[in-house]
Amino acid sequence: MHARKLVVLIVFVAFLLVPIYWLLNMSFKSNTEILGGLTLWPRDFTLDNYRVIFTDPAWYGGYLNSLYYVCLNTAISLSVALPAAYAFSRYRFLGDRHLFFWLLTNRMAPPAVFLLPFFQLYSSIGLFDTHIAVALAHCLFNVPLAVWILEGFMSGVPKEIDETAYIDGYSFPRFFLGIFLPLIRSGIGVTAFFCFMFSWVELLLARTLTSVDAKPIVSVMTRTVSASGIDWGVLAAAGVLTILPGMLVIWFVRNHVAKGFALGRV
Amino acid sequence: MNKVPNNHAWWLVLPVFALVAFSAILPMMTVVNYSVQDIFDPSTRFFVGADWYRQVLQDPRLHDSLLRQFVFSACVLAIEIPLGIAVALCMPTRGRWASLCLIVLAIPLLIPWNVVGTIWQIFGRADIGLLGWTLNAAGVSYNYASNTLDAWVTVLVMDVWHWTSLVALLCYSGLRAIPDVYYQAARIDRASNWAVFRYIQLPKLKSVLLIAVMLRFMDSFMIYTEPFVLTGGGPGNATTFLSQTLTKMAVGQFDLGPAAAFSLIYFLIILLVSWLFYTAMTHNDQTR
């Protein structure tokens, strides 16, 4: 029984890792080697592909743009979602259930539906091709998500804490910032992680709302296709580099993520 | 938790409401606006009523991609949910290996969607990709760029690769929430492994699975980036799903009216299904 479990797990992990290994492998090869034949590891180990990315402003600018709007989005999502999640977890108010469902439907809305109107909306208010436009657009699915996850964490904090604090004479802002937020630290961490992740992986809206100044890395990657064919090595290297921030973030929140999943909220 | 009725709580929700209204209601109204008008240029426009809807509903492109979409989503659910449960059951329960497993499983979820497409594009190519090369060497003729079935299977496998981890992680945390007492009772009753799974684990996983099914259905229903990068919707229209048909219509051909009508129909389908899931979910919460 135990051996069988191990086999299933190993097969699945191998299935997950082999394509990634292939990408990594290719990113260290030169294009002649890639097109020359199949080699399981780089015969002629080279860092040239990475050098291309780190020396060309168009390339590394893409990473900076992406990181910029992703962080901006995480900050906006968290700061508006925190009070709202508190309201949902503590109070009953007019239309709360409908509001909650309405928020969730935005998480479910296909981005393709919003493509054109977003483009026109942001163009008409002069935000087209700015980082803030992408950050705001990503709020469409990240804010509902953040409210959902945070509400779960906040419901886990006993209500008596609020009441005691109010009796002790704490005002709402002081209580919220000084006592309540530290109590749900891990929840905030998990939420930030998911906001970061969903904003980082999204392409459709980010590509539509930017052209030059705020162009995200995911659309810079289409540059590798040129008249002379696809520059496979650089494409693979760029791919590897987009995986790294995610890995870094998950390393930081690895102990909390299981808890976030345990609430059944993603 | 018993909640206090307090309408002042609206003040706390207001920023979220304003923000989401700005990025959801305004664009949505624009879409509604387009869907009932024929627009030549900003000053010349006609009200056409439900004509676009009629046209779109009779459009074979919509029918085809809707059918493809449902088949695809059904396949995705049929493969990913059982596989995710199986993987979750096989994961170590505690210690260093458990957290390592969690991290490895989470990797595909953190890769930008177009890079997922790129990875499989590279991996599947017959000349430079490990998968394509191996399959062809093994005597299976495989080419996702020209063979319809191959393209379809590749997109499906790619989605399984990308998202099964999510189901597995959700189930894993659901399993961890089952108290040990249940297993002890089962051991005393000498329940078989199957019985433990069927009568203890599966019922306890119900709420988590509902969420997993909902998320996977929704996300597979709006899949765009991965097939776009991998196959560009081809060969022919074999992997053109709803989102892509819509983007082609709206951005490629600039058929604003039909595209807007299409958008609304698309959104209504999603809304209907998510409402069903939400009702089931809250009902589930109440009966527990």
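Pull out a ≥ b ≥ c, the square roots of the eigenvalues of the alpha-carbon gyration tensor of segment B:125-255, then state rounded if a/c is under 1.5, prolate if not and a/b is larger than b/c, and oblate in the remaining case. Since a/c reaches 1.5 but b/c is at least a/b, the shape of segment B:125-255 is classed as oblate.
In chain B, helical runs assigned H by DSSP with n ≥ 4 each contribute -39500 (n - 2.57); averaged across all residues and rounded to the nearest 500, the mean residue ellipticity at 222 nm is -22000 deg cm²/dmol. Please work out the Cα center distance from segment B:110-132 to segment A:144-174, rounded to the nearest Å. If you average the Cα positions of each part, the centres end up 46 Å apart. Under the shape rule built on the C-alpha gyration tensor, where the axes satisfy a ≥ b ≥ c, segment B:1-73 is oblate, since a/c reaches at least 1.5 while a/b does not exceed b/c.
Would you mind giving the three semi-axes, in whole Å and largest first, of the ellipsoid equivalent to segment A:1-46 according to its Cα gyration tensor?
Equivalent ellipsoid of segment A:1-46: 32, 8, 8 Å, largest first.
Residues A:Y63, B:Y144, ranked from the fewest to the most other C-beta atoms within 10 Å, line up as A:Y63, B:Y144. Exposure proxy for A:R4, A:R207, B:R176: other Cβ atoms within 10 Å of each Cβ, ordered fewest to most, give A:R4, B:R176, A:R207.
Here chain B is assigned +1 on the Cβ of each Lys and Arg and -1 on the Cβ of each Asp and Glu. Its dipole about the Cα centre then comes out at about 1120 debye. In order along segment A:95-112, phi translates into HN-Hα couplings of x, 5, 5, 5, 4, 4, 5, 4, 4, 5, 4, 6, 5, 8, 5, x, x, 4 Hz, rounded to whole numbers, per the Karplus curve 6.51 cos²θ - 1.76 cosθ + 1.60 with θ = phi - 60° and x for Gly and Pro. Shown in residue order for segment B:100-117 are the 3J(HN,Hα) couplings computed by the Karplus curve 6.51 cos²θ - 1.76 cosθ + 1.60 at θ = phi - 60°: 4, 4, 4, 5, 4, 5, 6, 3, x, 5, 9, 8, x, 4, 6, 5, 4, x Hz (x for Gly and Pro).
The share of Cα pairs per 5 Å bin across segment A:56-262, counted from zero up to the longest distance, runs 1, 7, 13, 16, 16, 15, 12, 9, 5, 3, 2, 1, 0, 0, 0 percent.
Sort B:F46, A:F128 so the one with the fewest other Cβ atoms within 10 Å of its own Cβ comes first.
With the sparsest Cβ surroundings first, the list reads B:F46, A:F128.
Can you figure out the FRET efficiency of B:R45 with B:L276, using R₀ = 35 Å and their beta-carbon distance, to the nearest 0.05?
Values: r = 37 Å, r/R0 = 1.05.
My answer for the efficiency is 0.45.
In this structure, B:V4 and B:I188 have a Cβ-Cβ separation that, at R0 = 41 Å, corresponds to a calculated FRET efficiency of about 0.40.
Just tell me how shielded A:9-19 is by partners: mean number of partner chain Cβ atoms within 10 Å of each residue's Cβ, no decimals.
Averaged over the peptide's residues, the number is 6.
Largest first and in whole Å, the equivalent-ellipsoid semi-axes of the protein assembly as shown read 36, 33, 24, each the square root of five times a Cα gyration tensor eigenvalue. Taking a straight Cα-Cα cut-off under 28 Å and skipping sequence neighbours fewer than 8 places away in the same chain, the lysines within cross-link reach of A:K5 are A:K259, B:K204, B:K206.
Taking the DSSP bridge list for the protein assembly as shown and keeping only pairs wholly inside it, about 75 percent are antiparallel.
Here r is the Cβ-Cβ distance between B:V71 and A:F172 and R0 is 41 Å; the resulting FRET efficiency, rounded to 0.05, is 0.20. Amide H to amide H, with H built 1.01 Å from N, B:Q37 comes under 5 Å of B:V48, counting only residues 5 or more places away or on other chains. Compared with the alpha-carbon gap, the fully stretched path from A:S155 to A:L94 is longer by 20.0 nm at 0.36 nm per residue.
How large is ³J(HN,Hα), in whole Hz, for each residue of segment A:201-213 in order, when computed from phi with the Karplus curve 6.51 cos²θ - 1.76 cosθ + 1.60 and θ = phi - 60°, using x for Gly and Pro? Computed from phi, the couplings for segment A:201-213 are 8, 6, 10, 4, 5, 4, 6, 5, 8, 10, 10, 10, 5 Hz. Name the shape class, rounded, prolate or oblate, that the alpha-carbon gyration tensor gives for chain B, where a ≥ b ≥ c are the square roots of its eigenvalues, rounded holds for a/c under 1.5, and otherwise prolate holds if a/b is larger than b/c and oblate otherwise. Oblate, because a/c is 1.5 or more while a/b does not exceed b/c.
Where a number appears in this text, it was derived from the coordinates with a stated rule and is not lab data. Keep in mind the model is a prediction, meaning the values are calculated, not measured. Here the Cβ is made from the backbone with ideal geometry for all residues, glycine too, and neighbour counts use every protein chain on show.
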